[in-house]
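Take a look at the structure below.
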């Protein structure tokens, strides 16, 4: 689950007052988000805060959009700050309804209606896209997924697995027998992970272990479904293809309509 907020109030002064009242305005090093917001407001009509994963906004928003993943139904109540975002939501977008089960989608909707009854619910699809689907058809594919999605996110698969199945891969190659170093430990620590390779991070050790593992796997294609374009960081001798998620409205009400209903008066 992640949050995207649209804070357009001028809260910089209040933020500085809050810091001063707690006695750390002058002593605490770091980023002055109040000053950043003040400068952004001088140039923009709308400021978009992208919470990143499940972070909460640093400023009180006019519109708080929260994205829910029904593949992890129930997580919206289990973790902080995901639960906080649920309670704060003005617009609740339940995505991936095209790949999650009806039972999973309904479980998320039930929690939103109970704990954020004032939120407008938008149903959305998350189709997977690749530049050339024919390269997957009939191939033996090694899938590299986003590490945090599989580990702390408790998923057994991600966008890469969905793309491999959708575009007709002959087989998903299990990388576990070839895992090296930090990846071998990750498979021990997170036994729920299936025949996919998690991109754990971008340190030298993690990159080296990923390269060594991929080199040992006998496959026709490496399918990367990570936020970072990993082939630019890795030195491997196998064909690669990148998977991305797209966004598509599923049924009314649409996200644009929900936004304009709340932001329209401010932009008039």
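The values are calculated or read from the model by the stated rules, or taken from the named source; none is laboratory data. This structure is a prediction, so every number in the text was calculated from the model and none was measured. Here Cβ is always computed from backbone atoms with ideal geometry, including for glycine, and neighbour counts include all displayed protein chains.
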Exception for residue 113 within (1) without any contact (Cβ under 8 Å) to a residue 12 or more places away in the chain; (2) in a helix (DSSP H, G or I); (3) more than 25 Å from residue 260 (Cα to Cα) falls at (3)
Can you pull out every residue in segment 61-102 that is in contact (Cβ under 8 Å) with a residue 12 or more places away in the chain, out of contact with any helix residue (DSSP H, G or I) (no Cβ under 9 Å at 6 or more places or on another chain) and surrounded by fewer than 18 Cβ atoms within 10 Å (Cβ to Cβ)? 79, 81, 84, 98
For segment 233-268, which positions are farther than 30 Å from residue 146 by Cα, assigned to a loop (DSSP other than H, G, I, E, B) and free of Cβ contacts under 8 Å to residues at least 60 places away in the same chain? 252, 268
From the list 107, 40, 100, exactly one residue is modelled with pLDDT of 85 or more and assigned to a loop (DSSP other than H, G, I, E, B). Which is it? 100
Go through segment 71-94 and give me each residue that's in a strand (DSSP E or B) and closer than 15 Å to residue 60 by Cα. 91
Can you name the residue in segment 140-165 that is surrounded by fewer than 21 Cβ atoms within 10 Å (Cβ to Cβ) and at pLDDT 95 or above and is also farthest from residue 215 (Cα to Cα) among such residues? 165
Filter segment 47-70 for residues that are over 20 Å from residue 159 (Cα atoms), within 12 Å of the chain's Cα centre (by Cα) and in a loop (DSSP other than H, G, I, E, B) and give the result. 51, 55
